[in-house]
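Participant: Quick one: this structure, given as structure tokens, is what I'll be asking you about.
The values are calculated or read from the model by the stated rules, or taken from the named source; none is laboratory data. Quick caveat: nothing in here was measured; it's all calculated off a predicted structure. Reconstructed Cβ throughout: ideal geometry from the backbone, glycine too, with neighbour counts over all protein chains shown. Ligands, DNA and RNA are stripped out before the accessible areas are found, and what is left, the full protein with its side chains, is counted by its heavy atoms. Shrake-Rupley method; radii C 1.70, N 1.55, O 1.52, S 1.80 Å.
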2 protein chains.
Amino acid sequence: MSLPIPGKPVRGSKSGNHLMALFDLLGRSWAMGIIWRLNEGSCTFRALQERCESISPTTLNRRIKELTKAFLIERTVDGYALTEQGKEIFELLAPLESWARVWAKNFKEDA
Amino acid sequence: MSLPIPGKPVRGSKSGNHLMALFDLLGRSWAMGIIWRLNEGSCTFRALQERCESISPTTLNRRIKELTKAFLIERTVDGYALTEQGKEIFELLAPLESWARVWAKNFKEDA
DNA sequence: TAAATTTGCTACATTTTACGTAGCAAAGCT
DNA sequence: AGCTTTGCTACGTAAAATGTAGCAAATTTA
């Protein structure tokens with residue numbers, strides 16, 4: 001499945017630098033979006049699919065498996081949910097939201 | 001080139017939510033890595049390629065163009081460099097490093 | 001308890017993205 | 001004038017994502 005594992009070669013670091021491993025994981029399509037949406041609360045596979053608006057089941061399934069093996073997601077009685085560590089990276093990503101709001105203004109000018 | 005633009009459909013948001021646009025941009029392969037390495041200082045195309053350890057020129061060129069259009073990278077007399085906004089997202093990503101160090105321990109246990 | 005619905009996926013064919021190597025034209029250096 | 005470095009493009013191959021269809025198991029409903 002090619003899960004990026006710290007200590008083993010990952011994208012950006014042949015020696016497996018931990019940050020590059022994390023970038024490799026989070027830098028895959030939908031990964032951050034899934035974490036973001038899952039923070040709204042645990043839910044079923046199909047509900048998560050809808051929250052993401054346009055992810056294919058194939059890709060969602062892959063990302064879920066990867067993120068699960070990476071200790072960021074788990075399966076509970078309520079469906080899929082963020083683990084404690086998953087919630088932690090959410091908190092680390094959270095500041096991006098307000099920043100993105102400002103950043104978005106760049107694009108409005110040069111319409 | 002399909003640059004994710006806030007306000008227009010992006011991966012994760014048909015209405016173009018600004019955060020999803022940012023996730024779309026940063027979530028492409030090598031994007032965060034490039035920003036990270038560029039923060040070490042401005043450099044040439046080829047030097048950047050080496051810093052990334054294993055990126056192909058094709059992909060590097062693409063990401064550079066995208067990040068440039070997204071106001072995160074610019075070209076100076078010293079070569080490629082982060083813009084002010086580029087430095088800002090670097091600062092937002094920075095906390096991930098120490099977190100990743102702890103996160104990496106998960107993988108050492110189950111060898 | 002039998003039928004209908006929902007759920008978590010998988011199959012499969014197509015498109016998109018990334019890789020990797022080769023190499024060229026322009027600029028800089030000697 | 002020659003040699004090197006630089007920024008990149010070409011091109012063929014491999015990998016990843018898409019999108020639609022649908023199935024088997026679990027759950028809900030009648």
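Participant: May I ask you to verify whether A:Ala100 is surrounded by 15 or more Cβ atoms within 10 Å (Cβ to Cβ) and touching a His at 6+ places or on another chain (Cβ under 7 Å)?
Facilitator: Spelling it out, A:Ala100 is indeed surrounded by 15 or more Cβ atoms within 10 Å (Cβ to Cβ) and touching a His at 6+ places or on another chain (Cβ under 7 Å).
Participant: Might you check whether a residue that is under 18 Å from the mean Cα position of the chain (by Cα), closer than 17 Å to A:Gly33 by Cβ and of a type in the set (Lys, Arg) occurs anywhere in segment A:87-98?
Facilitator: yes
Participant: Right, something else. Would you confirm whether any residue within segment B:42-50 is more than 10 Å from DNA strand C (Cβ to nearest atom), farther than 23 Å from A:Asn106 by Cα and open to solvent by 60 Å² or more (accessible area, probe 1.4 Å)?
Facilitator: Yes, segment B:42-50 has at least one match.
Participant: OK, next. Under 9 Å between Cβ atoms, at least 6 apart or on separate chains: pull out the pairs that start in segment A:8-25 with a residue that is within 20 Å of B:Ile89 (Cβ to Cβ) and end on any residue that is aromatic (Phe, Trp, Tyr) and open to solvent by less than 10 Å² (accessible area, probe 1.4 Å).
Facilitator: A:His18/B:Trp103; A:Ala21/B:Trp103; A:Leu22/B:Trp103
Participant: Given the conditions (1) more than 10 Å from every other protein chain (Cβ to nearest Cβ); (2) open to solvent by less than 10 Å² (accessible area, probe 1.4 Å), report the number of the one that B:Ala31 does not fulfil.
Facilitator: Failing condition for B:Ala31: (1).
Participant: How do the helices (runs of 4 or more DSSP H) wholly within segment A:2-111 filter down when requiring 3 or more residues that are among the hydrophobic types (A, V, I, L, M, F, W, C): which remain?
Facilitator: Hits in segment A:2-111: A:18-26, A:31-38, A:45-51, A:57-69, A:84-93, A:95-103.
Participant: Would you check if A:Phe71 is modelled with pLDDT of 95 or more, out of contact with any Phe, Trp or Tyr (no Cβ under 6 Å at 6 or more places or on another chain) and within 15 Å of DNA strand D (Cβ to nearest atom)?
Facilitator: Considered against the rule, which asks whether it is modelled with pLDDT of 95 or more, out of contact with any Phe, Trp or Tyr (no Cβ under 6 Å at 6 or more places or on another chain) and within 15 Å of DNA strand D (Cβ to nearest atom), A:Phe71 comes out as no.
Participant: Have a look at B:Gly12, B:Gly16 and point out the one that is near DNA strand D (Cβ under 10 Å from one of its atoms), more than 8 Å from the chain's Cα centre (by Cα), within 20 Å of A:Arg28 (Cα to Cα) and not hydroxyl-bearing (Ser, Thr, Tyr).
Facilitator: Details: B:Gly16 fails: near DNA strand D (Cβ under 10 Å from one of its atoms).
Testing whether each residue is near DNA strand D (Cβ under 10 Å from one of its atoms), more than 8 Å from the chain's Cα centre (by Cα), within 20 Å of A:Arg28 (Cα to Cα) and not hydroxyl-bearing (Ser, Thr, Tyr) leaves just B:Gly12.
Participant: Would you check if A:Ala111 is surrounded by fewer than 15 Cβ atoms within 10 Å (Cβ to Cβ) and modelled with pLDDT under 95?
Facilitator: The answer is yes for A:Ala111.
Participant: Further question: Suppose the filter is of a type in the set (Asp, Glu), within 12 Å of DNA strand D (Cβ to nearest atom), within 14 Å of chain B (Cβ to nearest Cβ) and touching a residue at least 12 places away in the same chain (Cβ under 8 Å); does A:Glu53 pass it?
Facilitator: no
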